[in-house]
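The structure under discussion appears below in the form of C-alpha cells.
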Amino acid sequence: MEQTLRRSAAATEVDPHTSTAASGLQLPQRVVSVDVLRGLCVAGMVLVNFPADWVLRYHQLGHAEWDGATATDMIFPVFLFLSGFSMVYSFASRAKRGETRSQLARHVGLRSFLLLALGLILNAFPSFDWHTLHVFGVLQRIALCSLAGGLLVLASGRRGPRFEVNVPAVVGCMLLVLVGVWAAVRFVRVPGYGAWRFDHDGNLGAVIDRAIFGNRHLSDWGGPRRMWDADGLLSSITSIPNLLLGVLAAAWVRRGESLRKTVSGMALVAAVLVAVALALNPYLVINRKLWTDSFTLLSSGVSLGVFALFYAWLDGAGIVLNEGRRRWWLTPALVYGSNAILGFVVYTLVLDLQGLYRIPGAHAPAFWLPGALYAKGCGWVGPYNVSLLYGLLAVAVVMAVLWPFYGRKIFLKL
C-alpha cells in the first residue's frame, strides 16, 4: 500500500528531458519549487515550535497573539497551497495509469482518514488519555481540506483523455466558502454572545466546537475552561480555499504557457489578493487563529506570490535534481520536502517528549539545553538569539533523522 514506507527512485527527481525553458513550459514530472518549498515549510514548523523560551523570541518566529499576522502565520497556508498543487499532479499521474474517478475518490478518502487518525494518535501521545484528547491539529486540518478539495476537483473535473481541473467550478466553490462563512459569522446570533464576534470566547467557531466536541477536547487556550481552539472546525472550513488556490496554480502551470506569462500572472493575482485582504482588514479583521476570510485572502496571496518566486527561480532555470553539482544547496530542503509527513511526526514526538521536562525559570520546555548553559548563553548572545539557535538545533536534529531515509529513497507516502 502506498501509505507505507516505500522506496521510490523518482520521488523527488525531474526528468531532464521535461524540464522547463524560458521560451515555453513543457509539463514536468515534478515541479522542483514544490519539493523545495514543502521542505522549507516543514523546517519552518520545526524552527518556530522549538524556541528555548516561548516569551523571549523574535516576533516573526511566533504566531500573532490575536489580530494581525506574522511570517510564522504564513507557513501552514503555504503548506496547504502546496498540498492542493501536488494533488492535481497526483490525479493526473494516476488517471494516466488508468485509474477511474471512483478509484481516485477512494484514495482521497483513505488518505484523509489516515491523516486524521495519525493526527489524533500524535495528539494523544504520550499519555493517551482519550477523555481529554485534543481532537484538532495540523494533520486533521490537512485531512479535512484534502477530502473536501479532492472530492470537489474530482467531481467537477473535465472528462477526457487528459485530467483537467474545472477552473470555474473551483473558483466558484472558493467564493461560496468565503461568502458562506462570512454570512454565518455576520448574521448567526449565538445565545449569550450575539453575532459578528471575534473575541476568544464568543466567536462562532469556538461556540460550534464547544457544542460538538465539548471543552475538554479543545486545546488549552483559555486556561482550564478550554473555551476555543485555534484549529477548530469553522476555521478549517475557511482554510479550504487555501488548498484550492494551489489546485488552480497547478492547472495554470499545466497549461504550458511561457514562463514570463505564468509568473507575471501569478504575481498579479497574488498582489490583488493581498490588497483586498488589507482593504477588508478594518471591517473583517485579519486573524489567523480564527482563520477569517481576510486572513484566507492574505495568506493565499502570500502563498501564490512565494510560489511564483520559487517557480521562476528554480523551474524557470531548469534545475535538475539528479545533477549533483547543482543539487547540493537544495538537498537540506529536499530532505524535509521528500518526507514531509515523517518529518512532522518526528518533530511532534520530540516536542511532546521535550514537554516532559522544564528548565527552572524558563518559559518553555527545553531539556536538551541545560539550565546553566542556557543562562550563560543568554548573557553571551542574548535570550532572543538563544531561542533562535535552539530552534535551528532542532531543525538540524530532525534533518539528521530524515537524512538516511532520503539517501535510501525511502519516503512515507499517505
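The values are calculated or read from the model by the stated rules, or taken from the named source; none is laboratory data. Because the structure is a prediction, the values reported are computed rather than measured. For neighbour counting, all protein chains shown are included, and Cβ atoms are generated from backbone atoms with ideal geometry for every residue, glycine included.
Things to note:
- For region 79-102, a tally of residues being at pLDDT 95 or above and more than 22 Å from the chain's Cα centre (by Cα) returns 0.
- Residue in region 214-223 that is at pLDDT below 85 and either over 19 Å from residue 64 (Cβ atoms) or in contact with a Leu (Cβ under 9 Å, 6 or more places away or on another chain) (or both) present: yes
- Residues of region 135-143 include none that is among the hydrophobic types (A, V, I, L, M, F, W, C), over 29 Å from residue 228 (Cα atoms) and in contact with a Gly (Cβ under 8 Å, 6 or more places away or on another chain).
- Count of residues meeting criterion [over 13 Å from the mean Cα position of the chain (by Cα) and outside any helix (DSSP H, G or I)] in region 235-255: 1
- Residue within region 133-147 that is in contact with a helix residue (DSSP H, G or I) (Cβ under 6 Å, 6 or more places away or on another chain) and of a type in the set (D, E, K, R) present: yes
- Residue match in region 100-112 (condition: surrounded by fewer than 19 Cβ atoms within 10 Å (Cβ to Cβ), under 17 Å from residue 412 (Cα atoms) and of a type in the set (A, V, I, L, M, F, W, C)): yes
- If you go through region 121-137 and keep only what is without any contact (Cβ under 8 Å) to a residue 40 or more places away in the chain and surrounded by 18 or more Cβ atoms within 10 Å (Cβ to Cβ), you end up with just 123.
- When region 381-397 is filtered for residues that are of a type in the set (Val, Ile, Thr), farther than 13 Å from residue 49 by Cβ and buried (at least 18 other Cβ atoms within 10 Å of the Cβ), only 386 remains.
- When residue 241 is tested against (1) crowded, with 16+ Cβ neighbours inside 10 Å; (2) without any contact (Cβ under 8 Å) to a residue 60 or more places away in the chain; (3) out of contact with any strand residue (DSSP E or B) (no Cβ under 9 Å at 6 or more places or on another chain), exactly one condition is not met: (2).
- Restricting attention to region 295-309, the residues that are among the aromatic types (Phe, Trp, Tyr) and either under 15 Å from residue 40 (Cβ atoms) or in contact with an Asp or Glu (Cβ under 7 Å, 6 or more places away or on another chain) (or both) total 1.
- Qualifying residue in region 256-278 (condition: at positive phi and surrounded by fewer than 23 Cβ atoms within 10 Å (Cβ to Cβ)): yes
- Of all the numbered requirements in (1) of a type outside the set (Val, Ile, Thr); (2) modelled with pLDDT under 95; (3) within 13 Å of the chain's Cα centre (by Cα), residue 76 misses one, and that requirement is (2).
- Some residue of region 292-305 being buried (at least 23 other Cβ atoms within 10 Å of the Cβ), touching a residue at least 60 places away in the same chain (Cβ under 8 Å), of a type outside the set (A, V, I, L, M) and part of a loop (DSSP other than H, G, I, E, B): yes
- Conditions (1) under 19 Å from residue 62 (Cα atoms); (2) in contact with a Leu (Cβ under 8 Å, 6 or more places away or on another chain); (3) at pLDDT below 90; number of the one not met by residue 354: (2)
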